[in-house]
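Working notes, structure below.
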Amino acid sequence: MTFAYPADERTTYGALALAFLGLASAVPTLVTALFAGAIADRHDRGALMRGVNLASLLAAAAIAAVLTIAPANHVPLPGPAGFYLPMWVLLAYPCWAAVTVTSTLFRPAFNTSIPRVVRPGDLGRANGAIYATAAIVSATGTLATGGLLTILPLIWALTLPFVLFFGTQVALTTVDASLAVQRTAPPQSVWTEARAGYGYLWKRRELFEITLSALVVNFLSAVALVELALYVASWLGLVQGIWYGAMVSTATLGGATGFVLIARFRFEPHAGRVMIGLTLAMGLALLALGLVRSIWLALPIVFVYGLLPGMITTVFLSTIQATVPDAMMGRVFAADEVGSYALVPVGQYTGGLLTVVIGVQGTYLAAGTAIAAFGLVMVAGFRALRHLGYRSHTHDPAVPPADG
């Protein structure tokens, strides 16, 4: 989308187009996230995953159709003088919103399924292996997509995600384990159960603090990372698609390393403190990206930046899976969706506007400084999170086995 505009319009128009892309999916994703956990806690999670992944597959096919037709006319919009959106970009917005909505429904169902087949003591290694594999596949696909964008028309960029959605659908059909929810109370309305989930989260103060920190950190990360293509093209001066692919792939490989690496340490008794320290380091890494202008310095920094959220994700997933009852777990994971993933599009929109005002470097410096400052706030003020931990060999006996 960034390269849909001529070079002299790319920084301003491209930034705003990316901002509108995030905004187009923000509201439907947020509404979906409010109820995704309650849905995951009342339906067979295997059937739910198959249904929403099929919807993702169809949405990806719709984007491919838009790129194939690629209407050439432009739609003028308010903004800087002469600002417009290519029609194919405008048509791609609702398709992208459908992808984000179905992904929001998929994640709680998937994450709550893992402890059904993995013992508490193995959750760290299992989550690390699963998400590291996903990250490696993603990095390979992103690098290949960057290469395809360099030598082939844009439509070929949709080939790989379509294949991945299709492969996921095939894999889900082979799962024969029962993923039905283990409930101790009869189902109520989706709204009532969603409210019960948020009430449970408020009572578990350490989980509330995790959700709040995810909201802030993911929002600020999105402010900067939505402009990564512009960072590579405008700040580093590299306009070939392969370099953008290299940056994203390196960050993703860093994440894969983080997923596996953290599982080698005994983080379980000190899970909260580990997450706080890693958050502070994330801010410093993002700040460093705004201070370098060489791709050969940016690549190792972005690897470290990817490493840190990979570690945080493994600690977070394992801790929730080990300490929250099965019948409530989907709602806790979905609350994280509301507090983080659902606000990522808002961060993307903010990042586009901020880049127009202070430029690419200013956006990276501001976002990195803000995350580091918030890390210090967590050190000083998030007492419950600082004491969060669990025994890896057993379920937390303090957690009630009821629906909440």
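The values are calculated or read from the model by the stated rules, or taken from the named source; none is laboratory data. Given the structure is predicted, the values throughout are model-derived calculations rather than measurements. Cβ atoms come from the backbone with ideal geometry, glycine included; neighbour counts cover every protein chain shown.
Here are some notes:
- Each residue in segment 253-300 was checked for being among the charged types (D, E, K, R) and assigned to a helix (DSSP H, G or I), and 2 of them qualify.
- Restricting attention to segment 315-356, the residues that are touching a helix residue (DSSP H, G or I) at 6+ places or on another chain (Cβ under 6 Å) and either of a type in the set (D, E, K, R) or not in a helix (DSSP H, G or I) (or both) add up to 5.
- Selection status of residue 279, modelled with pLDDT of 95 or more, among the polar types (S, T, N, Q) and at negative phi: yes
- Helices (runs of 4 or more DSSP H) contained entirely in segment 121-223, each with at least 1 residues that are at pLDDT 90 or above and surrounded by 20 or more Cβ atoms within 10 Å (Cβ to Cβ): 123-151, 190-203
- Among the residues making up segment 190-233, those that are closer than 30 Å to residue 247 by Cβ and hydroxyl-bearing (Ser, Thr, Tyr) are 211, 213, 221, 231.
- Test: residue 332 is crowded, with 23+ Cβ neighbours inside 10 Å and within 24 Å of residue 129 (Cβ to Cβ): yes
- Every residue from segment 186-198 that is more than 17 Å from residue 337 (Cβ to Cβ) and out of contact with any Lys or Arg (no Cβ under 6 Å at 6 or more places or on another chain): 186, 188, 189, 192
- Any hit, segment 367-385, residues being modelled with pLDDT under 90 and among the charged types (D, E, K, R): no
- Scanning segment 111-120 for residues that are in a helix (DSSP H, G or I) and either β-branched (Val, Ile, Thr) or buried (at least 20 other Cβ atoms within 10 Å of the Cβ) (or both) yields a count of 5.
- Residue 368 satisfies every condition listed in (1) buried (at least 23 other Cβ atoms within 10 Å of the Cβ); (2) out of contact with any Leu (no Cβ under 6 Å at 6 or more places or on another chain); (3) among the small types (Gly, Ala, Ser) except (2).
- Residue check, residue 261 surrounded by 17 or more Cβ atoms within 10 Å (Cβ to Cβ) and not aromatic (Phe, Trp, Tyr): no
- Matching residues, segment 106-128, being basic (Lys, Arg) and either under 23 Å from residue 53 (Cα atoms) or within 18 Å of the chain's Cα centre (by Cα) (or both): 107, 116
- Candidate set: segment 232-246, residues that are surrounded by fewer than 24 Cβ atoms within 10 Å (Cβ to Cβ) and not in a loop (DSSP other than H, G, I, E, B); chosen: the one modelled with the lowest pLDDT: 241
- Candidate set: segment 27-41, residues that are touching a residue at least 40 places away in the same chain (Cβ under 8 Å), among the aliphatic types (A, V, I, L, M) and surrounded by fewer than 24 Cβ atoms within 10 Å (Cβ to Cβ); chosen: the one farthest from residue 189 (Cα to Cα): 30
- Within segment 59-87, considering residues that are β-branched (Val, Ile, Thr) and modelled with pLDDT of 75 or more, the one nearest to residue 166 (Cα to Cα): 63
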